[in-house]
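Taking it in order: structure first as structure tokens, then the write-up.
The values are calculated or read from the model by the stated rules, or taken from the named source; none is laboratory data. Nothing here was measured: the structure is a model prediction, and the numbers come from that model. Heads up, the Cβs are rebuilt from the backbone with ideal geometry, glycines too, and the neighbour counts pull from every protein chain shown. Keep in mind that these areas ignore ligands, DNA and RNA; they rest on the heavy atoms of the full protein, side chains included. Shrake-Rupley method; radii C 1.70, N 1.55, O 1.52, S 1.80 Å.
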Amino acid sequence: PNDKCKLDVRDTRKYKLCNGYNDYVPFDNIDINDYSLKTISNSNANECSQECYKNRLCNGFVIDQNTKNSRCVLKKSPKTSKSIKQNFDKITYLKNPLNYSVHLNKDTNGDILEEHNIKSPTDCGNLCDNNDSCSSFSINKIDMSCKLKNSGNRINSNKNNILFKKKYYNGNLC
């Protein structure tokens, strides 16, 4: 746990960004086939996030949410988006790109610059970072499609999407 994070003062989240459970974005009803690193029995998302941080290959984890003794499986980044499947018994947590704020069940009215099939929010964030016009992106939670967007001035509710907006930091992040 690193308490030296210096976050944007406009960040209203009540948790720190560095080395914690909230550094992962939840994708309900999604599973990653294969790419398993380690299985942890009787664990919760917070414990899984700490284990994932200890493993440099870990890009996220999957929780089996419909069992008495919850099970967590640490996952590597899949090589293709075809490994990401819908599964109503699972919640997949993937690493959040550090320079983006996360807005669950939201989207923006910005113009779509590009669309991609991706494997993780970090992949989409990298695409946005490499496009000078991109100020945000949204990921469809069902098919993991990524839409790079320019600056929209309105955030809208959208139960199928997760919105990521670029953030700007002063000083060290972690």
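On the protein heavy atoms, probe 1.4 angstrom, tell me the percent of accessible surface of region 126-171 carried by carbon and sulfur.
So the carbon and sulfur contribution to the accessible surface is 38 percent.
How large is the accessible surface per residue of region 51-113, computed with a 1.4 Å probe and reported in Å² as a whole number?
Numbers: 3420 Å² over 63 residues.
Computed with neighbouring chains in place, this is 54 Å² per residue.
Spin-label point model (7 Å from Cα, Cβ direction): what's the Asn126 to Asn160 distance in nm?
Each label point is offset 7 Å from its Cα along the Cβ direction, giving 2.7 nm.
Note down the net charge around Thr80, summing +1 for each Lys or Arg and -1 for each Asp or Glu among other residues with Cβ under 13 Å from its Cβ.
With Lys, Arg at +1 and Asp, Glu at -1, the neighbours total +3.
Which order do the peptides 30-36, 161-167 take when ranked by the mean count of other beta-carbon atoms within 10 Å per residue, highest first?
My ranking of the peptides, most packed first, is 161-167, 30-36.
Filter Lys76/Lys159; Lys85/Lys166; Lys82/Lys166; Lys75/Lys167; Lys90/Lys141 down to the pairs with a C-alpha to C-alpha distance above 24 Å, please.
Values: Lys76/Lys159 27 Å; Lys85/Lys166 28 Å; Lys82/Lys166 27 Å; Lys75/Lys167 27 Å; Lys90/Lys141 13 Å.
From Lys76/Lys159; Lys85/Lys166; Lys82/Lys166; Lys75/Lys167; Lys90/Lys141, over 24 Å: Lys76/Lys159; Lys85/Lys166; Lys82/Lys166; Lys75/Lys167.
Once you list every other residue whose beta carbon is under 15 Å from the beta carbon of Phe61, what net charge do they have if Lys and Arg are +1 and Asp and Glu are -1? Walk me through the numbers before you get to the answer.
Details: positive: Lys38, Lys54, Arg56, Arg71, Lys75, Lys76, Lys90, Lys95, Lys119; negative: Asp23, Asp28, Asp31, Asp34, Glu47, Glu51, Asp64, Asp89.
Neighbourhood net charge equals +1.
Identify the trypsin sites (Lys or Arg not before Pro) of region 46-92 meeting these criteria: DSSP loop state and at most 14 other C-beta atoms within 10 Å of the C-beta.
Within region 46-92, the qualifying trypsin sites (Lys or Arg not before Pro) (loop, at most 14 other Cβ atoms within 10 Å) are Arg56, Lys68, Lys79.
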